[in-house]
Structures are given as structure tokens and as C-alpha cells.
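Structure record follows, encoded as C-alpha cells.
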Amino acid sequence: CREFWECQFMVVSYECCPGYEKVIGEKGCPAALPLVNIYKTLGVVGATTTKMYSERANLQEEIEGPGSFTFFAPSNEAWAALSTEILDALVSNVNIELLNALHYHMIYKRLTSDDLKHGTSFPSMYQDFDVHIHHYSNGIVTVNCARLVKTDQHATNGIVHVVDRVITAITNNVNSLIDTDDDLDTLRTAVAAAGLTSLLENEGSYTIFAPTNEAFEKIPPETLTRILGDPVSLKDLLNYHILKNLHCSESIVAGTPLETLQGTVLEVGCDGEEMTINGKAIVTQRDKLGTNGVIHYVNELLIPDSAKTLLELAEGSVVTASKLFKDAGLTDHLIGSEAVTLLAPLNDAFKDKSLAMTPDMKKLLRNHILKEKFSSKNLYHGQELETLGGLKLRVFVFRNSLCIENACIAAHDKNGRFANMFIVDKLLTPPMGTVMDVLKADDRFSTLVGAIQRAGLTELLNEKGAYTFFAPTNAAFSAMSPADLNKLMNPKELANLLRYHIGEEFLVSSAVTSHTRMKPLTGDKLELGAADLMATNGVVHAVDVIVKPMRKP
């Protein structure tokens, strides 16, 4: 087809770098042209608008003459991006403003890109006001957050670096920038209330994602009132908007976790031309540079977990569970200052389950709240945790899982202002008696209960232990042949078979992998299935087949 042939015969053309040209019969651009002065070099590198304004501002003679200059020359596109109002102001007043602006782009010494070290500043030729350099690990170099797009263009009297925007003099710290911007009134009040004014006035190199008034107005009034009235939450909230290092928008090339003063990270990245935070394009204005940092405006408040109530943590992560806890009348425990831990099941944990708020469901949900504030990193095997409902829940540590009864922790802890939340993979099944009690209470195991009694294993399944019982249902026994059932009339044969269904270790289904094995009481190996009926001395997994020893190879 036509498109195919166009692809086959596509021609790639190359352009010589400034100062070099092609030689007939040779590859590349080997011919180096003689150096010219900075004024002429501006034309060579394509910064023709800067060259034109240099002539208009009576700068031409200076940059043609003796000296050793570094000129950060705005590209043609950079000048075109200026608003008409700003450009008119620069070219008026007998060109003094334009000359000042151009002098601010100049340094009275020759600086190559290697000389432009991260965090350095150099006095410009406009009243010695500093220009601020950032040389990032990804190779990007900025001056006052303008990116160098063509570097190291040598001239007889200096060097030219083409930049992607027109830069302006930096004279105020970031706190002063916040103080003088009406769009940041609420932020200014919050900074003062949190005692962060001096931090933003002192020396530093910060990045501030500054929430606008609009951002504060978007969150519920009661949430804003609570945070503004709590110095700890407020300080955490604001520190979550401040990065430890200065990052101009030009330095962001991909989603990168950047550490905040609050101690956690923000994922800062790009979506096309948009700058994103935690995957959302909420940055409305970029690169307002101060002497001690840079401000990017955001129209959405970033609230860290450490400033949230339990309810806010739950509503942001486990929607179904949060609604059920509220319906169960537990809201006061989720919004107050109690030091508790919420065991919040994932939304998927409620599939195929009735969500009716029965007395039993209320009782169960109450037992999903632990009486203390725990960290999962401090839990240990065999630990007992008391719930608001008065139950004691056990902690089980497996090779790849950390479980509380049958529910295993499925994500990192959510550490709130006063309380913590563990996201777990299923609803808890608190232990309700011994293994024998569990079997007797379930009609599916009536045949098994009789078999256990015949085999003389009742005492074993009532005594203290940590058994995993793969319990054959009535259907499993019904599926046996008459001959096999007849063999089970012998108590010894029956005991041996049942013992093969009992593991010597405690194992819940979430801790099972495709090849998990455990040692049964008969001493052979047993492949695991799943389920989870919790008992005080073990766990029961219902199986619909009689488990027989695997043949040895």
C-alpha cells in the first residue's frame, strides 16, 4: 500500500550543530567555522529575537566588544511566549527596562555547562542580582528554572547558552511570595498558624506545592476546620506540600518519588505538558522562583495520612468497609482521638456476602477495631490483640503473610492522626470454640463428627493446639464407594485416614501458595486447599473429597 512504500523510502535529514558545516564527500559536519563575537553568535544559534532586542537596547556594541561574557539567550519561542503586557513594558521607557532584562541574562565571565554546578548562584550584570543554577542528575541544567536547550555555543568574547524562557530577577524569599499573592491567602494563614513562617524565610532550597484558596475551598468545611484547629495535623499537611530539594518543572521527566518535609513521598511526574502530583494534573502555575526555593501552584489540597481520621483513611481506600462501619454505629470511634487500629477489609472481601446490618454484622464489625494503636511491623507470632467487642484475636506470621486470625494484611499500614488502619484481605472469622465445637455447629460435618467419635479423636480436637483440619463434608463421604465406606467401620483405619486430614501447623488460606505443603499427623505430606473456619485451637477448611496420601514417585 501507499503508506507502506512511504515508510520504506522515508528520508532522515540531519542539521549541523551551530558553528559547523558539511564538507562535500564527507560524513557529518566536520568543518568548524571561525568563532565570531556574541552578537553574531546569537544569529548563528538561531536566537534571532534576542539578537534583535540586543540591538534595540543598545547592547550590541557591548557584546561585540572586548570582555568574557556568558549570555543565557532566550530562544525565539521564549520571547513569543511572553504576554503582550510584559513585552510592552520591556521595550518602553527608552529601552532601559529591556537593557536591564538582557543584562540579567548575562554574567561577566565565561561559564561552560560543566561550570554550572547544582545549587550555585552567579551575580548577573544587572545590579549583581544573582542567577540561580540547578544541574540535575538527569543532565538537565536550568537557570532560574529556565532550561538550557542549546549549551556551550562558543564566541570570541564569551559563550552563549540558549534557554527556553525569559528569566526575571529573583529578590524575594518564598514566604514573601506567598505573603504578596491574594490567591494564597488561606495558605498564608495556615503557614503562620503552623509556625512555618521562619522556615520559609530562612536559607534553603525547597519546592513548595502551594495550595490556592480554591484548593482549600474544595475540601469539606468540617475537615478544614479540624485540620486548621490541630497544630500537629496542620504542620503535617503543610510539610507534605514541601519537598526537601528544589525541583524546577523542567527537571521532571517521569513519575519520581520525591521526599517531603513530612517524611513521606510525593510522586511527581508529567502527563504531556502537564505536571502531575500523585498521578493528577493539579499544577496550575509553575516555577515561581524565590531566593530559597520554588513555588508551583496546585488547585487541590494534598492531605497526608498522618493528618487524617480513621474514617477519612477508610473512605479513601476501602469504600464498602467505611460505609458498613458507619452503618454499624461506629463513626465516633473512626473520627475521634482514640488510639485504636482498624482492620478494614478490601472491597473485594464483601463479594457474594450479605451487607445487611444485622446484630451479628454489627458485633463482627466492632471486633474489627483493636483497642490500641498498632504498627504491623511490631506484631509478632502468637500475639493477642483485644478488640472493642472484647474478643482476643491472634497474630500469625507466615513466610509471605502476616495475618490476624484468618484475615491477612494486604497493603502497607495507613497511619492516621490518632489511629492506624490495616487493610486486610477478608472479613474476620473470630474463633468460636474448639475445632470440635466448630464441626458440631456446622450441619455439613455431621457425618465427620460421627466418624471422629468412632475413631476416638474427639479429645484431640478439643485439646489445646494449633491444628489445620481439612474437614470432609457430608458430600465427601457420600461420594465414597460402598467398599471404601465399609473399610471405615474399622476405628483404626478411620483414625489413620482422619489423621491424614489434620496438619500439625496452623495455616489460613491467605497464607497458602500453589505449592504450600504441611506435615499431617500421619507423617506424610499434604497439599493444601482453602476456606477458614477459625477455632481456639486451630482452623477448619471444608473439603468435598476424602484426602488420600499422595503416591511417592
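For the stretch 98-106, indicate whether the set of residues that are more than 17 Å from Ala146 (Cα to Cα), outside any helix (DSSP H, G or I) and touching a Phe, Trp or Tyr at 6+ places or on another chain (Cβ under 8 Å) is non-empty. No, that holds for no residue. Residues that are under 27 Å from Met432 (Cα atoms), assigned by the TED database to the domain that holds Asn537 and in a helix (DSSP H, G or I) occur in the stretch 477-491; there is at least one. Quick one: would you say Asp183 is buried (at least 21 other Cβ atoms within 10 Å of the Cβ), in contact (Cβ under 8 Å) with a residue 24 or more places away in the chain and of a type in the set (D, E, K, R)? No, not satisfied. Does the stretch 142-164 hold any residues that are over 12 Å from Leu116 (Cβ atoms), crowded, with 22+ Cβ neighbours inside 10 Å and among the β-branched types (Val, Ile, Thr), and which are they? Passing the criteria: Val160, Val162.
Taken together, Ala73, Ala78 contain a single residue that is part of a helix (DSSP H, G or I), surrounded by 18 or more Cβ atoms within 10 Å (Cβ to Cβ), in the same structural domain as Leu42 (by the TED database) and modelled with pLDDT of 95 or more, which is Ala78. Checked against the criteria, Leu379 does not count as open to solvent by less than 60 Å² (accessible area, probe 1.4 Å), of a type in the set (A, V, I, L, M), over 26 Å from the mean Cα position of the chain (by Cα) and farther than 18 Å from Ser509 by Cβ. Residues in the stretch 325-337 that are farther than 14 Å from Met421 by Cβ and assigned to a helix (DSSP H, G or I): Lys326, Asp327, Thr331, Asp332. Within the stretch 435-464, the set of residues being under 18 Å from Glu504 (Cβ atoms) and not β-branched (Val, Ile, Thr) comprises Met436, Ala455, Leu457, Glu459, Leu460, Leu461, Asn462, Glu463, Lys464. Remark: Ile242 matches the filter, which requires a residue to be modelled with pLDDT of 95 or more, touching a strand residue (DSSP E or B) at 6+ places or on another chain (Cβ under 6 Å) and either surrounded by fewer than 16 Cβ atoms within 10 Å (Cβ to Cβ) or in the same structural domain as Val294 (by the TED database) (or both). With respect to Phe477, is the statement that it is open to solvent by less than 30 Å² (accessible area, probe 1.4 Å) and at negative phi true? Yes, satisfied.
Checking each residue in the stretch 329-376 for being more than 28 Å from the chain's Cα centre (by Cα) and closer than 13 Å to Ile404 by Cβ picks out only Asn367.
Filtering the stretch 383-404 to residues that are open to solvent by 50 Å² or more (accessible area, probe 1.4 Å) and not in a strand (DSSP E or B) leaves Leu391, Arg399, Asn400.
When restricted to residues that are open to solvent by 60 Å² or more (accessible area, probe 1.4 Å) and over 11 Å from Leu102 (Cβ atoms), the stretch 56-65 contains 2. In this structure, Phe418 does satisfy being under 14 Å from Leu310 (Cα atoms), part of a loop (DSSP other than H, G, I, E, B) and open to solvent by 70 Å² or more (accessible area, probe 1.4 Å). Can you name the residue in the stretch 424-472 that is over 16 Å from Val539 (Cβ atoms) and among the polar types (S, T, N, Q) and is also least open to solvent (accessible area, probe 1.4 Å) among such residues? Selected residue: Thr458. Residues that are closer than 17 Å to Ala479 by Cβ and of a type outside the set (Ser, Thr, Tyr) within the stretch 426-448 comprise Arg444, Phe445, Leu448, listed in sequence order.
The values are calculated or read from the model by the stated rules, or taken from the named source; none is laboratory data. Note that the coordinates shown come from a computational prediction; the quantities given were computed from them, not determined experimentally. A quick note on method: Cβ atoms are made from the backbone with ideal geometry, for glycine too, and the neighbour counts reach across all protein chains shown. Side chains included, ligands, DNA and RNA excluded: accessible areas come from the protein's heavy atoms. Shrake-Rupley method; radii C 1.70, N 1.55, O 1.52, S 1.80 Å.
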